[in-house]
Every structure is written in structure tokens, then in C-alpha cells.
Amino acid sequence: MITQKYILFGLLAIIFTTSSMMTPTTAYASNHQNGTPFLQEEIDAIAVIVDEILAELEELKKLKVSWVNVTDVPAGFADGIDNDLLAELDCNTDQIIKSNGILWNCVDDESRSATVSGSPGLDCNMIRLMLGQSLQQDTRNGCDLRGAPFDIMDISGADLTGADISRFKSPAWFHEGIASQVDFTDANLSELDFYRTDLSGSNFSGADLTGALFQHAVLTDAIFTDADLTNANFNDSVDQPIGSIDCIGTPINAMFICTG
């Protein structure tokens with residue numbers, strides 16, 4: 001019976017479609033057929049059939065099928081048990097689920113934060129990925145990190161030789177991070193803001209630090225050989241060099257003068 005109703009319903013749908021009817025009321029539809037209009041009793045009969053079909057569809061939604069009556073059941077479902085391995089994991093909010101090829105485990109989600117452990121192998125491309133920037137190299141001046149915000153990052157031991165981390169549309173800055181033992185040789189660091197950043201042991205030889213701001217930065221054993229410190233501001237930085245050092249320009253608020 002339901003098969004016959006579906007066939008009839010389909011035919012009626014074709015009739016209404018081809019007649020360019022788009023009205024919700026059946027009475028109005030009967031007066032606009034491109035041919036002999038439907039009789040009111042025919043329209044009423046159609047409405048009854050449609051209601052019956054909709055009611056039977058609702059009943060079909062409630063049907064349940066036993067595994068016994070299902071064929072080609074995928075492996076792992078035949079026993080009717082949901083072996084959800086992931087449900088057994090209890091990950092922290094800063095972790096994601098990752099497979100090692102055999103088991104699923106909770107691991108730290110590195111995409112949630114730019115904070116990573118520094119290492120001697122850290123280079124410009126890795127840092128750009130950490131910052132979510134596209135990998136575009138400026139071959140004229142090394143790695144292009146202009147305007148990059150280094151917020152609470154650990155890039156200790158990184159090789160940023162010749163990198164350009166100068167101001168670009170907006171100031172670049174190191175904010176409460178760790179940049180110890182970083183090689184900034186010949187880098188462009190002009191107008192860069194080092195705020196509460198650990199720069200101990202970093203090499204700024206030949207770097208352009210004009211207008212850079214060292215605000216409460218740690219500069220223990222930092223090297224500034226031939227660096228241009230013109231108008232560089234050493235504002236209450238910790239363990240800044242004392243006396244005369246081999247650098248260029250006249251820094252501000254510094255406990256040393258450049259002799260280069």
C-alpha cells in the first residue's frame with residue numbers, strides 16, 4: 001500500500017511542478033491549472049494521502065533493526081559492542097589525541113600556544129611556523145620576520161643570523177620571553193622592543209639596533225661587537241654592559257659608551 005502511495009505522490013508532484021504552481025493552498029491551486037482544474041474532492045483526497053505518507057514516515061523513523069538481520073556488517077561491529085578507544089582517554093584542555101601508529105594517546109597541542117622549548121636547531125622557518133606566518137624569504141636580507149610579535153616565547157639557541165625583525169607597519173617586540181644564546185649576528189633589529197626578555201649570552205655582533213628598546217631586559221654576557229646602538233634605549237635593563245664596549249653610535253640610558 002505504501003509503495004502505491006509513493007508512486008501516486010510522485011506523479012502528483014510532477015503534475016504540480018510542470019503546471020508552474022508554487023502556492024501552498026489547494027483551493028487556490030485548483031483555479032490555476034494549465035488545463036482542467038482539479039476537483040475539490042480530488043484535492044482533498046490528495047491531502048489525505050499526503051498526511052498518511054507523512055505519518056508512516058514518522059513511524060519508519062522509530063524502527064529498529066537487529067544485527068541478526070543485517071548483512072555485510074563491518075569488522076568490529078558484529079559483536080554489537082562499541083569499542084571506542086578514544087572514549088577511554090582523559091586528556092587535559094591543552095592536549096589533543098594523536099596516534100603513534102599503534103595506540104592513541106593524549107599529547108600537548110602545540111598549536112594552542114607559540115611557546116616552545118628553544119634549541120640550537122631552531123631557525124627562522126621554524127619560528128615563522130610557530131608564529132603562524134607564511135614562509136616568505138627576503139633573500140636580500142635573510143629571514144623576514146618584520147613586525148612579528150614574540151609573546152612569551154622561548155627561542156633560546158636559535159639561529160637568526162641576518163634576520164629582519166625590524167618594524168613593519170607595526171612595531172615588532174619580544175615580550176617576557178627567553179631569547180638567550182640567540183645568534184642575531186648582522187640582523188636588522190631596529191626599533192625592536194625587548195621587554196622583560198632574557199637575552200643573556202646572545203650575540204648582536206654587527207646587528208642594526210638603532211632605536212631599539214631594552215626595557216627590563218636581561219643582558220648578561222650579551223655581545224654587541226660592531227652593533228649599531230644609535231638611540232637604542234637601555235631602560236633599567238639588568239646586567240647591561242658597563243664602561244666602554246666595541247659598538248657603534250650613542251645609546252640612551254646606558255651604563256656604557258660605544259668605542260667602535
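The values are calculated or read from the model by the stated rules, or taken from the named source; none is laboratory data. The structure presented is a predicted model; accordingly, all values stated were derived computationally and were not measured. With ideal geometry, Cβ positions are generated from the backbone for all residues, glycine too; neighbour counts draw on all protein chains shown.
Among what's in the stretch 78-111 and is among the hydrophobic types (A, V, I, L, M, F, W, C) and in contact with a Phe, Trp or Tyr (Cβ under 8 Å, 6 or more places away or on another chain), pick the residue that is modelled with the highest pLDDT. Show your work before the answer.
Here is the first cut: in the stretch 78-111, the residues among the hydrophobic types (A, V, I, L, M, F, W, C) are 78, 81, 85-87, 89, 91, 96-97, 102-104, 106-107.
Now narrow it down to the ones that are in contact with a Phe, Trp or Tyr (Cβ under 8 Å, 6 or more places away or on another chain): 78, 85-86, 89, 97.
Numbers: Ala78: 66, Leu85: 69, Leu86: 75, Leu89: 79, Ile97: 82.
Filtering first and then ranking leaves Ile97.
Can you pull out the residues in the stretch 189-207 that are surrounded by fewer than 24 Cβ atoms within 10 Å (Cβ to Cβ) and either under 22 Å from Gly260 (Cα atoms) or not charged (D, E, K, R) (or both)?
Going residue by residue through the stretch 189-207, those that are surrounded by fewer than 24 Cβ atoms within 10 Å (Cβ to Cβ) are 190-191, 193, 195-196, 198, 200-201, 203, 205-206.
Matches in the stretch 189-207: Ser190, Glu191, Tyr195, Ser200, Gly201, Asn203, Ser205, Gly206.
Go over the candidates Asp186, Asp236 one by one and state the one that is surrounded by fewer than 22 Cβ atoms within 10 Å (Cβ to Cβ), within 18 Å of Gly260 (Cα to Cα) and acidic (Asp, Glu). Steps first, answer last, please.
Values: Asp236 fails: within 18 Å of Gly260 (Cα to Cα).
The match here is Asp186.
Output the residue which, of all residues in the stretch 187-239 that are more than 35 Å from the chain's Cα centre (by Cα) and acidic (Asp, Glu), is nearest to Asp144 (Cα to Cα).
Checked the stretch 187-239; the qualifying residue nearest to Asp144 (Cα to Cα) is Asp228.
Just to verify a result, which residue in the stretch 16-47, among those that are surrounded by 10 or more Cβ atoms within 10 Å (Cβ to Cβ) and among the β-branched types (Val, Ile, Thr), is modelled with the highest pLDDT?
Ile46
If you check Ala254, Ala217, Ala232, which single one turns out to be in contact with a strand residue (DSSP E or B) (Cβ under 8 Å, 6 or more places away or on another chain) and within 18 Å of Ile155 (Cβ to Cβ)? I'd like the intermediate steps shown before the answer.
Details: Ala254 fails: within 18 Å of Ile155 (Cβ to Cβ); Ala232 fails: within 18 Å of Ile155 (Cβ to Cβ).
After ruling out the rest, the residue left standing is Ala217.
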